[in-house]
1. For the range A:186-200, name all the residues that are open to solvent by 10 Å² or more (accessible area, probe 1.4 Å) and at the interface with another protein chain (Cβ under 8 Å from one of its Cβ atoms).
2. Being touching a residue at least 40 places away in the same chain (Cβ under 8 Å), over 27 Å from B:Leu217 (Cα atoms), out of contact with any Asp or Glu (no Cβ under 7 Å at 6 or more places or on another chain) and part of a loop (DSSP other than H, G, I, E, B), is that true of even one residue in the range B:120-141?
3. Restricting to the range A:282-298, name every residue that is closer than 14 Å to A:Phe247 by Cα, of a type in the set (A, V, I, L, M) and not in a loop (DSSP other than H, G, I, E, B).
4. Quick check: is even one residue across the range A:286-297 over 13 Å from A:Ala319 (Cβ atoms) and either buried (at least 24 other Cβ atoms within 10 Å of the Cβ) or of a type in the set (A, V, I, L, M) (or both)?
5. Would it be correct to say that B:Leu96 is within 10 Å of chain A (Cβ to nearest Cβ), open to solvent by less than 10 Å² (accessible area, probe 1.4 Å) and under 24 Å from the mean Cα position of the chain (by Cα)?
6. Return the total of residues in the range A:242-268 being within 16 Å of the chain's Cα centre (by Cα), farther than 11 Å from A:Ala319 by Cβ and part of a loop (DSSP other than H, G, I, E, B).
7. In the range A:377-432, what residues are aliphatic (A, V, I, L, M), within 27 Å of A:Met99 (Cβ to Cβ) and open to solvent by less than 60 Å² (accessible area, probe 1.4 Å)?
8. Among the residues of the range A:363-377, is any part of a loop (DSSP other than H, G, I, E, B), of a type outside the set (Val, Ile, Thr) and out of contact with any strand residue (DSSP E or B) (no Cβ under 6 Å at 6 or more places or on another chain)?
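The values are calculated or read from the model by the stated rules, or taken from the named source; none is laboratory data. All values derive from a computational prediction rather than experimental measurement. Backbone-built Cβ (ideal geometry, glycine too); neighbour counts: all protein chains shown. The accessibility values were calculated without ligands, DNA or RNA, using every heavy atom of the protein model including side chains. Shrake-Rupley method; radii C 1.70, N 1.55, O 1.52, S 1.80 Å.
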Amino acid sequence: MRTLTHTLHSPAGCRNAHASHLQHPQSFHARRLNRAQRPASLQICCQAVATGTPPVKEGTSISNGAAKSKSKKISPEVATTLYRDMVLGREFEEMCAQMYYRGKMFGFVHLYSGQEAVSTGIIKAMRADDYICSTYRDHVHALSKGVPSRGIMAELFGKKTGICRGQGGSMHMFSKEHRMLGGFAFIGEGIPVGLGAAFRVKYQKDAVGDESADQVCASFFGDGTCNNGQFYECLNMASLYKLPCIFVVENNLWAIGMNHPRATGPSEGDTAPAIYKKGPAFGMPGVLVDGMDVLKVRQVAEEAVERARKGLGPTLIEAETYRFRGHSLADPDELRKKEEKAAWGARDPIPQFRKYALDEGLLTEQQIKDIDKDVQAEVEDAVQYADESPKPEKGQLLENVFADPKGFGIAANGSYRYQSPGFHSGNTAAID
Amino acid sequence: MQGRSCGLCGQTRFAEARLVAAPKTRRHVSGRNSRCITRAAASGPKLMWEALREAVDEEMEKDPTVCVMGEDVGHYGGSYKVTYDLYKKYGDLRLLDTPICENGFMGMGIGAAMTGLRPIVEGMNMGFLLLAYNQISNNAGMLHYTSGGQFKVPIVVRGPGGVGRQLGAEHSQRLESYFQSIPGVQLVACSTVANAKALLKSAIRSDNPIIFFEHVLLYNVKGETNDNYYQDLERAEVVRQGKDVTILCYSRMRYVVLQAVQELEKQGIDPEVIDLISLKPFDMHTISASVKKTRRVIIVEECMKTGGIGASLSAQINEALFDDLDHQVVRLSSQDVPTAYAYELEAATIVQPEQVVEAAQKIVQKQMAYA
């Protein structure tokens with residue numbers, strides 16, 4: 001029903017007009033752009049904060065400032081998983097853009113393209129029974145956690161078969177089965193919710209006495225959120241109660257139109273903001289990682305997960321990344337300089353990892369082609385499924401407002417309103 | 001029950017309440033892990049805070065997923081002692097003292113509820129929960145729906161609210177109006193020792209998010225409780241049967257109305273008094289049966305007149321029972337002003353018994369004049 005454009009293999013990884021503007025680096029401003037331009041070999045892979053708590057793991061990824069280049073070896077199976085997950089994220093999102101412009105989905109749709117190494121790197125280092133908590137940019141987190149692409153696409157199409165029956169939409173993806181706690185549309189509101197899941201794990205272990213409870217919860221949010229009170233409230237509580245939390249800041253430099261250094265003040269002694277430095281201030285490690293490199297993210301994630309699982313408490317990870325598209329599909333994206341976009345586009349995590357996997361002999365050209373094809377087929381199937389799925393019936397209207405429908409109260413005839421004949425056909429007169 | 005001792009807020013009131021009531025509690029709590037708290041307190045009259053405490057204790061004992069979180073709910077025992085010494089029995093994790101961060105710990109409670117706990121989240125003063133409004137509205141209220149029914153949020157949000165005695169505007173909030181339009185939450189207001197315990201027990205067991213209103217001036221009301229009794233959260237209580245006029249009220253206004261009723265009885269007026277209990281949704285069965293009998297309605301509330309409980313209730317009665325009314329619905333609400341500190345101004349802000357008497361006389365006599 002459509003043609004997939006080759007986003008996967010374009011240097012910028014996106015089909016907006018970013019790719020042809022790699023020149024004029026001298027016009028870049030601020031540290032951010034320098035960071036984007038650093039030669040890969042000099043990029044800080046992940047850096048422990050020198051003060052306060054000990055690093056997540058001494059001498060491996062966490063090395064004070066010194067760049068450790070490639071992380072520990074992975075198996076071909078892991079390489080396949082990581083590559084496929086990133087490609088799926090990208091293809092799914094680019095398909096969303098197409099479907100949005102074709103009028104198949106509406107509202108605010110925030111695409112994740114460019115940030116895949118973070119979702120894949122963190123979530124694929126977690127277990128199926130671990131929890132994640134996301135933001136309004138949540139499709140790809142859900143995919144990485146194993147939520148079927150069919151259900152997510154159908155949700156975006158507003159169909160009955162959507163993962164939330166069409167009642168959530170783009171910014172409210174939930175899956176109890178996959179321990180995906182949402183999909184939270186307002187900045188920062190998911191962070192305390194994720195904290196609650198981590199509290200539940202500790203409670204299960206320490207108050208109920210279930211020794212097997214060792215799940216962790218990763219909460220994702222952006223650089224803009226780190227100026228919100230909920231972030232600080234939760235850093236404090238997570239550290240105070242030693243909760244198994246991983247706070248993942250996806251620093252893509254832009255809170256809609258607000259550039260990160262314009263919104264966030266630097267720590268004492270610095271000239272540019274550094275979110276990861278807020279970890280030690282709250283008694284947890286703060287780790288800076290190249291969010292365009294899935295292996296580096298994965299390594300940091302593995303250490304943070306292990307730490308949380310062992311009951312050693314939370315970790316704050318700042319992943320430096322970039323979104324290749326506007327804030328949402330409704331964003332004209334006029335403020336970000338094309339040079340900046342191009343520089344980040346050149347660091348697209350997918351071609352980067354593909355090259356690595358080929359160079360290291362983890363994947364063959366043929367395997368990569370097969371994965372790409374398989375992903376394309378999955379995304380096309382998701383679209384077809386969503387398109388052909390039935391719309392919600394009116395009967396859904398009054399369902400799921402209350403877990404216990406007694407919450408609708410007692411009608412004039414003395415019975416509970418939900419027992420009225422029209423209730424399950426969505427007749428609102430039933431609750432008058 | 002309206003003595004000054006229980007009208008003082010926070011530290012002062014607490015200190016005073018400790019003098020009055022704490023020794024009594026200590027009698028029941030014989031030591032760590034004591035199980036006799038409930039049994040000993042269950043017999044004989046008790047104060048409302050003790051009844052609420054029993055409700056929490058009994059439900060925590062029955063169900064290991066029931067827990068309490070909030071400011072000073074543990075070691076301090078709650079600002080109005082509702083969780084007094086329970087941490088000794090259940091430990092610091094089940095009686096979780098949180099930092100002062102309402103939005104943070106409310107969200108934590110919601111996340112814990114989504115993943116299998118039944119948290120009771122206390123607002124040290126209900127007004128503080130305005131800082132948690134986003135979590136209560138977006139997540140407690142709407143998340144069951146937006147998740148397509150996948151996640152439940154069985155949380156009880158409770159605490160002292162209403163207009164106390166000269167606590168100043170911020171500690172004298174009338175929050176019902178703010179919370180009532182949140183979809184997916186139920187609002188419950190307790191008013192007696194018996195219903196406080198039975199309703200709180202039901203609220204803890206409910207799978208819905210319940211916002212549970214306790215009135216700051218009612219914690220030292222005395223009364224009996226029924227053992228092992230759970231009361232429907234959705235059902236109103238008929239406090240006094242009568243034929244001349246239906247007076248709908250809730251929380252502390254129940255006592256203001258009952259004071260007025262004594263005067264009305266002397267004047268030969270026979271009002272029916274209904275305590276709404278459920279502020280959202282309304283029990284239209286009890287209300288309409290009464291309205292059809294008396295054909296006249298006075299709503300007495302502490303809530304704001306604009307956008308308040310009375311506003312919603314009046315609209316529902318007009319829509320559903322217009323033909324059964326002989327007089328327009330009369331609303332006695334608190335004034336749309338911040339609650340002043342000065343005694344006289346505060347008194348002028350909230351409804352007084354004389355206003356209820358006057359309204360009832362007017363509405364009943366007008367009817368008599370027509371007859």
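1. A:Phe186, A:Arg200
2. No: the range B:120-141 contains no residue that is touching a residue at least 40 places away in the same chain (Cβ under 8 Å), over 27 Å from B:Leu217 (Cα atoms), out of contact with any Asp or Glu (no Cβ under 7 Å at 6 or more places or on another chain) and part of a loop (DSSP other than H, G, I, E, B).
3. A:Val287, A:Leu288, A:Val289, A:Val297, listed by residue number.
4. Scanning the range A:286-297 turns up no residue that is over 13 Å from A:Ala319 (Cβ atoms) and either buried (at least 24 other Cβ atoms within 10 Å of the Cβ) or of a type in the set (A, V, I, L, M) (or both).
5. Yes.
6. Qualifying residue count, the range A:242-268: 1.
7. Correct list: A:Ala377, A:Val379, A:Ala382, A:Val383, A:Ala386.
8. yes
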